[in-house]
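What follows is one structure encoded as structure tokens, with my remarks underneath.
Derivation of every value follows stated rules applied to the coordinates shown; laboratory data play no part. These numbers were taken from a predicted model, which means no experiment stands behind them. Here the Cβ is made from the backbone with ideal geometry for all residues, glycine too, and neighbour counts use every protein chain on show.
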Amino acid sequence: MDMNIETPEDQNEENSRRVQVRFKTKLKPPQKVPSNSIAIPSNLTRFGLSSVVNNLLQAVNPEWKSEPFDFLINGELVRMSLEQFLLAKGISAEKVLEIEYIKAVAPQKEEEPSLHDDWVSAVDGSNPGFILTGCYDNLGRVWKAGGVCTHILEGHCGAVSSVNIIKSDGLKYVTVATASKDQTLRLWKFDAEELVNHPKKIRSFKILRGHKASVHSIAAETSGNMVCSGSWDCTISLWRTNDSDAAGNQVSIKKRKGNNQVEEPQLEGEAISTLVGHTQCVSSVVWPQQETIYSASWDHSVRTWDVEMGKDLSDIFCGKALNCIDIGGEGSALIAAGGSDPILRIWDPRKPGTSAPVFQFSSHNSWISACKWHNKSWFHLISASYDGKVMLWDLRTAWPLSVIDSHKDKVLCADWWRGDSVISGGVDSKLCVSSGVSIQ
Amino acid sequence: MRERKKSSAVEVSSVKKKKEKKTKDNNEPREQKEKEESQSIMKQQKNTTSRSKKEKQRKATEDYQSLRESELSGDEVHGTDHDVDNADDHHEEDQTDGSEGHRGVEESDSSEDEVAPRNTIGDVPLEWYKDEKHIGYDISGKKITKKERQDKLASFLANVDDSKSWRKIYDEYNDEEVELTKEEIRLVQRLLKGKAPHTDFDQYADYVDWFKYDDALHPLSNAPEPKRRFIPSKWESKKVVQYVRAIRKGLIKFDEPKEEEPKFYLLWGDDSSAAEKANHLAYIPAPKPKLPGHEESYNPSLEYIPTQEELNSYQLMYEEDRPKFIPRRFTSLRSVPAYENAVKDSFERCMDLYLCPRVRKKRVNIDPETLKPKLPSRKDLKPYPVACYLEYKGHKGAVVSISTEASGQWFASGSTDGTVRIWEVESGRCLRVLEIGEAIQYVAWNPLPELPVLAVSAGQDVLILNTGLGNEEEQRRVKDLLHVETPTAPDDNMASIVSWLQHDKLDGIRLRHFKVAFSPLSIFSCIFVLVLDLGLVEDHLLKNLLLALMFTLDGVFGRMASQGRLPLHGDNLIVGSREGKLCWFDMDLSSKPYRVLKCHPKDITNVAFHRSYPLFASCSDDCTAYVFHGMVYSDLNQNPLIVPLEILRGHTSSNGRGVMDCKFHPRQPWLFTAGADSVIRLYCH
């Protein structure tokens, strides 16, 4: 059965070529179209294809509300007209073309920005219950949702440069770690479920000293027992996070005499080991598995460290100073890193001779300040840049899926939240939450 | 007539005998011998078989007689002689005839045809001479006059009288009467009879069969022709196959066909190639004269002829420029006058040849492109700053000076708005603003990372300020260092110049200068290794131009950088001068600059070396900064390699000033530029 679907585009160009296509999907039945092959004009773009699918769905289900879709041919997203795509990829237009459609990945809604007092330097959205941000006003903040601040982490005497939520399953209290330019790391504990109508100020329960220069990045182990930090003193230090039973840790109770307030006891911790090898500032660390730490540095290298041995296993040189790194994608093995140029590079360390990146995304205009993989999808990642844009990437196409342009100045940090939102903070002191990103 | 000849055939012989008689008188003894011979011949004549021989002899005698006759005919007395001899008897006739014939055989074998005719007019119709007095010309060119014609009657009577008249024939050609001999008449008679003219020719001779048929009944062999006569040879074909195989295998090789040299050559071509052919090493062909063209023709086409106006214009020209030859037209070649300049021209040609250069002038043929120094590609010299990604905004006035911290995390900038700002490099955040109050001239960060202290020169003072960076311990040390309890005890030398004071507002020390210090030397800038010998300064080329070198009472403040950290033997120094000249001095080499780069159209405001990368930069008031690759080799024989890499633009001009300062990031190949437009830019690779 052949159906000719009249779309707004092809009314203009009656005599354009037609291709036989069959739509297929992995989506659930209400979004499934009958698997007949239909003839559509070959000059349709993504928008045209999307309206074709929506028309088909409406034909089956009259109450269907149209929704944007994205289309995959041979595992590549269609980003030009069908004709051009077939020509570029050398696919025959004679056969019945199988087009898979997925829901378009783009933020649907811009939530209320969370206003800070100063530049938002770090953000972590790994806990679906709250967002943790670090700020240049030396404070860390916990946000319940867009614009709702529940806790303020007070205690650093330098700008907070990095924050990390330490995984703590089943515990009532959530432990978080912050790194600051005052050369210390602090660990904090708070009850995320706690209902407060006024931001509650909390103090750190542990201070980790030992870096000789400002700490730039922090990452927690998957089990939550340890954190690692990268610093301007070119080292990566490993720290324990457990509070009370640390036998060797010297407990210093600081009592401020002149202060009326009764201070909580503060623990101080020392680095249990230091990974030395980078020659310049370690700008970013990630700790995706128990035994390996990935670090990016201004000495233009990405290094993989064995935690047990304390040595670097491999290094990738890219020629540019790197600012951010993240591990994810296929098999949680791809390394995405951005730095002092507008190119987001992705390496596959499993490939032999991995000096050349497997993907390069270069739609940004300035330094890339952050990049994060989606923790479920193999294909999606976000990047934030000093040009004020957060871009959503799919490995299957060279163009960004969407550009979030909600910041007015440099974007310093970005992360995923709850799997369907992109959170980002920047020089305009705002934490922007773009929700409704549907990734299966 | 014919009948008459026939009838008187007998008489012919008698006439001959009479002629013979005359010769008999001349040589008597010989006649005797002849007689005997003739007798024997007579006997032979009787033999019929030797008929032909006799005939031959007879013919020979006839020839002789005719010759005699022709000799005799020249005389006028010819006819009378004959008449006298008439009376001789007829007996002797046969005898003499035979002896005569013998003699003829002996003496001459010539035929009648070889007797040259008396007349030489050739084969022309005789009618031409019909009306002339002469009949022709003899061999010496004299005219042969015609004989007087006898009238018919007289001739008739003469013929009647003359018994031999019937034998006479009138030869028209020679105009004479020829008396036929007896032999001749006989010959005529034979011809008339249809016989062969000579008697000795046997028309019907016996057939001589030269082939022997005795025992040759059949050919040599009666066997049938063998088959091999008709089929191609097997051995030949084998041989051919052998050759074919050998050729295919390449065992037999044919000679290459010789390339034929062209037999023709360029006739009017240049003689330049002739020098190669000549054996002389320094053979110089003589200069060729100009070949004549159409205009030198005696009758050239009209377009070659100059008009009167052109001729007049020639008169106005200098003699040197005037054309040497003016084409003219002549009706014919004969009317062409002698060339008046012939002598002059040949003299000049001789002079040309004489004065022609004897030494070949070697012309150096060099492609100007090859004279350019071979510079490596810019791609190979990466990394170097290329594009501006970060801008540091906040100053209100022109940024005059910048200085980076040793690790490259922060940098400080001083501006004419009276503030010093400390910036974070990676984020572009201004960490601190230090209000000085006076226009800043220079800022310098302490190169020691343990003491984050900043030196600032503003107005007449040098300030040493705490940046407030670093941890508590470092801050404590800095505070100790920067604490000045009381004004220091007056030193004899220093007191008059400098006093140490605690800064009243900021955390730091103020060094107050009492004399007017133009540009006080910042004490912390130990990166500035001043390698300055006086010989350099006195170099007259730079003496007045160096903005960089200024002498004050305090010392020398050079706005210059020296390459202190690179692995080098000896010092290299770059100096930017006021008119935009950038000089690279190799201090070990000479006091003259090794390279002068004239790149900026306006004043160079600062120059900088990178501490680890082989880069240096210059910034200028034309709002640009230039980045160069400057590689110094440890090998002393190798000159430093200087390659211009990039022009960095982006700053805007303000009050005629452009980029005021440039500094490299200490660890990255990045360049900070401070602009008069109050913006600091970071150019990254």
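Between B:Val124 and B:Lys168, what is the FRET efficiency for a Förster distance of 30 Å, r being their Cβ-Cβ separation, to the nearest 0.05?
The formula returns an efficiency of 0.75 here.
Shielding by partners for B:590-600, please: the mean number of other protein chain Cβ atoms within 10 Å of each residue's Cβ.
Counting other chains' Cβ atoms within 10 Å and averaging over B:590-600 gives 0.
Measure off 7 Å from each Cα along the Cα-to-Cβ vector at B:Leu589 and B:Ala338, then give the distance between these two points in nanometres to one decimal.
7.4 nm
Report the residues of the stretch A:192-219 in range of a label on A:Glu112: point 7 Å along Cα→C-beta, backbone N strictly under 15 Å from it.
A:197-199
Indicate the gyration tensor shape class of the stretch A:109-435 (rounded, prolate or oblate), computed on the Cα atoms with a ≥ b ≥ c the square roots of the eigenvalues: a/c under 1.5 is rounded; otherwise a/b larger than b/c is prolate and the rest oblate.
Working: a/c = 1.80, a/b = 1.25, b/c = 1.44.
Oblate, because a/c is 1.5 or more while a/b does not exceed b/c.
Can you give the average number of partner chain beta-carbon atoms within 10 Å of each beta-carbon in peptide B:422-428, as a whole number?
What the average comes to for B:422-428 is 5.
With 10 angstrom as the radius, rank B:Tyr170, B:Tyr354 by how many other C-beta atoms surround their C-beta, starting from the fewest.
Final ranking by Cβ density, sparse to dense: B:Tyr354, B:Tyr170.
In nm, to one decimal, how far is the modelled label at A:Thr274 from the one at A:Ala59, with both set 7 Å along Cα→Cβ?
Modelled inter-label distance: 7.0 nm.
Mind checking the angle between helix A:46-60 and chain A's longest principal axis? C-alpha axes, 0 to 90 degrees, to the nearest 10.
Once rounded, the angle reads 70 degrees.
Measure out, as a whole number of angstrom, how far apart the alpha-carbon centroids of the stretch A:12-82 and the stretch B:402-447 sit.
Their Cα centres are 59 Å away from one another.
Efficiency by 1/(1 + (r/R0)^6): what FRET value for B:Glu132 and B:Glu177, r their Cβ-Cβ distance, R0 = 25 Å, to the nearest 0.05?
After rounding to 0.05, the efficiency reads 0.80.
Are there trypsin sites (Lys or Arg not before Pro) in the stretch A:308-389 that DSSP puts in a loop and that have at most 13 other Cβ atoms within 10 Å, and which ones? Show your work: numbers first, answer last.
On the way: sites: A:Lys311, A:Lys320, A:Arg345, A:Arg350, A:Lys372, A:Lys376, A:Lys389; in loops: A:Lys320, A:Arg350, A:Lys376, A:Lys389.
Those satisfying the criteria are A:Arg350, A:Lys376.
Which value in nm describes the separation of the simple spin-label points at B:Leu251 and B:Tyr204, placed 7 Å from the Cα toward the beta carbon?
In this crude spin-label approximation the distance works out to 7.7 nm.
When the chain is fully extended, how far beyond the present Cα-Cα distance does B:Arg228 get from B:Asn637, taking 0.36 nm per residue of separation?
Contour length minus Cα-Cα distance gives 138.2 nm.
In terms of modelled amide H atoms, which long-range or inter-chain residues lie less than 5 Å from the amide H of A:Gly269?
When sequence neighbours closer than 5 places are left aside, the close amide H contacts are A:Ile207, A:Leu208, A:Arg209.
What ranking do B:Trp166, A:Trp64 get, fewest neighbouring Cβ atoms within 10 angstrom at the top?
A:Trp64, B:Trp166
Go through the stretch A:384-390 residue by residue and turn each phi into a ³J(HN,Hα) via Karplus (6.51, -1.76, 1.60, θ = phi - 60°); whole Hz please, and just put x for glycine and proline.
Each residue of the stretch A:384-390 in turn: 10, 9, 5, 7, x, 10, 10 Hz.
Between B:Gln242 and B:Tyr265, how high is the FRET efficiency from 1/(1 + (r/R0)^6) when r is the Cβ-Cβ distance and R₀ = 45 Å? Nearest 0.05.
0.45
Looking only at other chains, what is the average number of their beta-carbon atoms within 10 angstrom of each beta-carbon in A:312-321?
Average per residue, whole number: 2.
Mind sorting B:Tyr129, B:Tyr683, B:Tyr318 by how few other Cβ atoms lie within 10 Å of their own Cβ, fewest first? Present the calculation step by step, with values, prior to reporting the outcome.
Details: B:Tyr129 18, B:Tyr683 26, B:Tyr318 6.
In order of increasing Cβ crowding within 10 Å: B:Tyr318, B:Tyr129, B:Tyr683.
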